[in-house]
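S.K.: Dumping the structure here so I can ask a few things about it.
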Amino acid sequence: MPSKPAQSDKPARSGSTPSPRLAVRKTYKLYIGGAFPRSESGRSYPVTDPAGQLLAHAAQASRKDLRDAVTAARKAFAGWSGATAYNRGQVLYRIAEMLEGRREQFIAEVAAAEGCGPDAAEAQVDAAIDRWVWYAGWSDKYAQVVGGANPVAGPYFNFSLPEPSGVVAIIAPQESSLLGFVSVVAPALTTGNTVVVLASQDRPLPAVSLSEALATSDLPGGVLNLLTGSAAELAPWLASHRDVDCLDLTGIAPADRVPLAQAAADNVKRVLAPATLDLDAEPGMSRLAAFVETKTVWHPLGV
């Protein structure tokens, strides 16, 4: 048997040094209809940490991007609202699973965006994951709480059922990059609405990373559409868009809400403008009931 040739230990090429890698600089995209387009305007803006250090660039959405997002949300509404509550709960729980798997990434992004320590960022990410689980659990139960059978005087059976309103436009909280975002988006999705959300203008990156997780979850494209950019520029167009059914002004300062509420009144939108958003408190049912319509059914007895 021929002997096995000995392996030669080739010395590294003399004088060769590893070439430095080029930096892969990222511009965070929009999330519309399940895709990640750049703004059709070609605009982007720098996102910095609280100390002024550049973190990345984010797309600066335009009115055309906004209209595209509303169109995508309307198109997805029939499928999402028509899904069973149990199925919606499964999908929302899947989002919690996705965040849990990328937990370290979100801790680092929240810490960079908000300039907080790792412990504070970890607490926020854990609370955001728990919030998805909370709303996933309520998906097939809230109707029993906010709806029910009504006592009537007559030979009728009468009951009330909550139904999703349609497309909800949300201006997310400006200070909380992830937990605040999840706290306003999750309840609207739980009740079967589709969403167009404008992320925090100065701290949008964790929300965009969340959308990247959503794209690989079971959430159908178009159910959640995310815009980044100027709230002052985009909020008036969200408020006056006639194919938007509800408006959440949580991320708008109270002094700036009146003209937006007046614009929303043009097509009788539901408007939610809470005085505060306590992110440390239990979420409760108020946001689940904010964007649903109550359908009351009368059914004769003995027929």
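S.K.: Report, in debye and to the nearest 20, how large the dipole of the chain comes out about its Cα centre when Lys and Arg carry +1 and Asp and Glu carry -1 on their Cβ.
M.R.: Values: 27 positive and 30 negative charges, 236 e Å.
Charge dipole of the chain: 1140 debye, to the nearest 20.
S.K.: Based on the Cα gyration tensor of the chain, what are the three equivalent ellipsoid semi-axes, each the root of five times an eigenvalue, rounded to whole Å and given largest first? Can you show the working numbers first?
M.R.: Values: eigenvalues 369, 125, 66 Å².
Each semi-axis is the square root of five times an eigenvalue, giving 43, 25, 18 Å.
S.K.: Choose one of S41, A172, V70: the residue whose Cα lies farthest towards the positive end of the charge dipole of the chain (beta-carbon charges +1 Lys, Arg; -1 Asp, Glu; about the Cα centre).
M.R.: Farthest along the dipole direction, towards plus: S41.
S.K.: About its Cα centre, what dipole magnitude does region 229-276 give when the only charges are +1 on Lys and Arg Cβ and -1 on Asp and Glu Cβ, stated in debye to the nearest 20?
M.R.: On the way: 4 positive and 6 negative charges, 24 e Å.
Here region 229-276 has a charge dipole of around 120 debye.
S.K.: What is the percent carbon and sulfur in the accessible area of the chain, measuring with a 1.4 Å probe over the protein chains and ignoring ligands?
M.R.: Numbers: 8350 of 15230 Å².
Here it works out to 55 percent.
S.K.: Assuming R0 = 22 Å, can you tell me the calculated FRET efficiency for the pair K141 and A281, based on Cβ-Cβ distance, to the nearest 0.05? Intermediate results must be reported in sequence, preceding the final value.
M.R.: Working: r = 20 Å, r/R0 = 0.90.
The formula returns an efficiency of 0.65 here.
S.K.: Just order 39-48, 198-207 by mean Cβ neighbour count inside 10 Å, highest at the front, would you? Write out the running numbers ahead of the final one.
M.R.: Details: 39-48: 15.4, 198-207: 25.6.
Ranking the peptides 39-48, 198-207 by packing returns 198-207, 39-48.
S.K.: Next up: Let me check something: with ligands and nucleic acids excluded, how do C116, C246 order by accessible area (1.4 Å probe), largest to smallest? Spell out each step's value before the answer.
M.R.: Working: C116 35, C246 0 Å².
The ordering from most to least exposed comes out as C116, C246.
S.K.: Would you calculate the separation in nanometres between label points at T48 and D126, each defined as 7 Å from the Cα along the Cα-to-beta-carbon direction?
M.R.: Between T48 and D126, the label points sit 3.3 nm apart.
S.K.: Related question: How long are the semi-axes of the equivalent ellipsoid of region 153-291, taking √(5λ) for every eigenvalue λ of the Cα gyration tensor, in whole Å from largest down?
M.R.: Values: eigenvalues 129, 73, 47 Å².
Sorted largest first and rounded, they come to 25, 19, 15 Å.
S.K.: Still on this structure, please answer the following. With the cut-off at 20 Å, tell me which of the pairs K269/K295; K75/K295; K29/K64 have Cα atoms farther apart than that. Could the numbers behind the result be given before it?
M.R.: Working: K269/K295 17 Å; K75/K295 23 Å; K29/K64 15 Å.
Beyond 20 Å between Cα atoms: K75/K295.
S.K.: So for H57, H299, what's the accessible-area order with a 1.4 Å probe, most first? All intermediate terms of the calculation are to be shown ahead of the outcome.
M.R.: Values: H57 65, H299 100 Å².
Sorted descending by solvent-accessible area, the residues read H299, H57.
S.K.: Mind ordering 266-276, 150-160, 209-219, 123-133 by average Cβ neighbours within 10 Å, highest first?
M.R.: Working: 266-276: 13.7, 150-160: 10.8, 209-219: 18.1, 123-133: 20.5.
With the highest mean Cβ count within 10 Å placed first, the list reads 123-133, 209-219, 266-276, 150-160.
S.K.: If amide H atoms are built 1.01 Å from N in the plane of the peptide, which residues on other chains or at least 5 residues away come under 5 Å of the amide H of S44?
M.R.: Result for S44 returns Q60.
S.K.: About the Cα centre of region 182-252, how large is the charge dipole given +1 on each Lys and Arg Cβ and -1 on each Asp and Glu Cβ? Please answer in debye to the nearest 20.
M.R.: Roughly 60 debye, rounded to the nearest 20.
S.K.: Once you have the alpha carbon radius of gyration of region 46-142, what is it after dividing by 2.2 N^0.38 Å, with N set to its residue count?
M.R.: 1.37
S.K.: Can you sort Y86, Y93 by solvent-accessible area, 1.4 Å probe, largest first?
M.R.: Final ranking, largest accessible area leading: Y86, Y93.
The values are calculated or read from the model by the stated rules, or taken from the named source; none is laboratory data. Predicted, not measured: the structure shown is a model, and the values here were computed from it. Here Cβ is always computed from backbone atoms with ideal geometry, including for glycine, and neighbour counts include all displayed protein chains. Just the protein is used for accessible areas: all its heavy atoms, side chains included, with ligands, DNA and RNA removed. Shrake-Rupley method; radii C 1.70, N 1.55, O 1.52, S 1.80 Å.
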